[in-house]
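Bear in mind that the values in this text are calculations on the coordinates, not laboratory data. Small disclaimer: the values here were computed from a predicted structure and weren't measured. Reconstructed Cβ throughout: ideal geometry from the backbone, glycine too, with neighbour counts over all protein chains shown.
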């Protein structure tokens, strides 16, 4: 695997290089760059398989650099400070990242995930589009296929251990190997509500709340969803603000 490291801090580049060289991965570091302009030249000349890419650099961002490239032939691991906006964008697009200061175990884990990533071009394109359109698309992958899904297509999510089932419009269902907690944090600002330990619903598809059956929510497609007693007051408050 051919790798390039693009970060404006020499110490960060050196740390990444040291961790990679001390790992068991068959990785060849083809070069380093400290800016968007230098990084663009390096990527075009090397055509790497994997890019470690800083988010903020003096002459632009990692997003700026990616927007100038064809995304078909490489994968990306972002390197960032604790920037909630950027991290949320990465998670929507299912692109991995490591936080500064660099932790060796996290970096190795990110490399492992990147090697297993399907359809990297889809993930990168989604990231760039979400930057422009306020993160309204999710990348979801099951064992065989990677899907690009509008958040407005998601009716509800249901947990099953470490897996989450996405129930979509047109009777579609996608099962992904991530916990529902991962998606609650992403979708809560997009009109979603956690009704129960195992359920997350899109309030745009909320139909009614039936008190006579012990507290059951019915979605517009007819699906019954349990509402935890402790969530009732919060749901009513959220619905009132959602309908305004």
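Summary table
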read-out: All Cα pairs of segment 165-207, percent lying beyond 15 Å; value: 44 percent
read-out: Antiparallel bridge percentage (DSSP; both residues within the chain; nearest 5); value: 65 percent
read-out: Projected label distance in nm at residue 11 and residue 104, using a 7 Å step from Cα toward the beta-carbon; value: 1.8 nm
read-out: Cα-only radius of gyration and Dmax that characterise segment 153-242, units Å; value: 12.3, 35
read-out: Alpha-carbon radius of gyration plus Dmax, which is the widest Cα pair, for the chain in Å; value: 20.6, 67
read-out: Helix 120-133 axis, angle to the chain major axis (alpha carbon atoms, nearest 10°); value: 70 degrees
